[in-house]
1. In sequence order, what are the phi-derived ³J(HN,Hα) couplings for segment 44-58 according to the Karplus relation 6.51 cos²θ - 1.76 cosθ + 1.60 with θ = phi - 60°, rounded to whole Hz, with x for glycine and proline?
2. From the residues Ser49, Val62, Ser4, which one has its Cα farthest along the dipole of the chain in the positive direction, the dipole being from +1 and -1 charges on Cβ of Lys/Arg and Asp/Glu about the Cα centre?
3. For the chain, report the % of Cα-Cα distances exceeding 19 Å.
4. For n ≥ 4 DSSP H runs only, could you compute -39500 (n - 2.57) per run for the chain, divide by its residues and tell me the 222 nm figure to the nearest 500?
5. Could you check the spin-label model distance between Asp72 and Arg57? Points 7 Å from the Cα along Cα→Cβ, value in nm.
6. If I model a spin label as a point 7 Å beyond the Cα along the Cα-Cβ vector, how far apart are those points for Thr25 and Glu6 in nm?
7. Which is the longest stretch in the chain that no exposed loop site breaks, taking sites as trypsin sites (Lys or Arg not before Pro) with a DSSP loop state and at most 15 other Cβ atoms within 10 Å?
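Throughout, read-outs are computed from the coordinates displayed, never taken from laboratory work. Here the structure is a predicted model, which is why all the values come from computation and not from measurement. Because the Cβ atoms are built from the backbone with ideal geometry, glycine has one as well, and the counts that use them run over all protein chains shown.
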Amino acid sequence: MASSTEMKTQAVALIERLPQDKLHTAVDFLTYLEDREAWEATWELTRDSEVTASLRRCDKDVQGGKVKCWKDVRQDV
């Protein structure tokens with residue numbers, strides 16, 4: 001299997017040879033792959049019952065006004 005550096009070099013070479021209309025498609029696909037990785041991490045967290053419960057408590061705190069402005073907190077430190 002090729003190293004990460006070799007694969008990146010190959011990807012750049014392929015991208016440089018693409019016609020303009022295909023370049024847009026390539027960028028869209030790379031963006032999709034990047035976004036998918038972020039969503040997979042999010043889905044993994046939401047399957048954790050402790051994380052989900054903590055997020056629900058945070059939402060209730062926000063809705064109940066039990067929050068401080070970050071500027072105020074930062075000034076206290």
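1. Ordered by residue, 3J(HN,Hα) equals 4, 5, 6, 7, 7, 4, 5, 5, 4, 5, 5, 5, 5, 5, 5 Hz.
2. Comparing the listed Cα positions along the dipole, Val62 ranks first.
3. Working: 1950 of 2926 pairs.
Value for the chain: 67 percent of Cα pairs lie more than 19 Å apart.
4. Working: 4 runs with 63 residues, N = 77.
Per the formula, -27000 deg cm²/dmol.
5. 2.1
6. Between Thr25 and Glu6, the label points sit 2.8 nm apart.
7. My reading of the result: 1-46 is the longest stretch.
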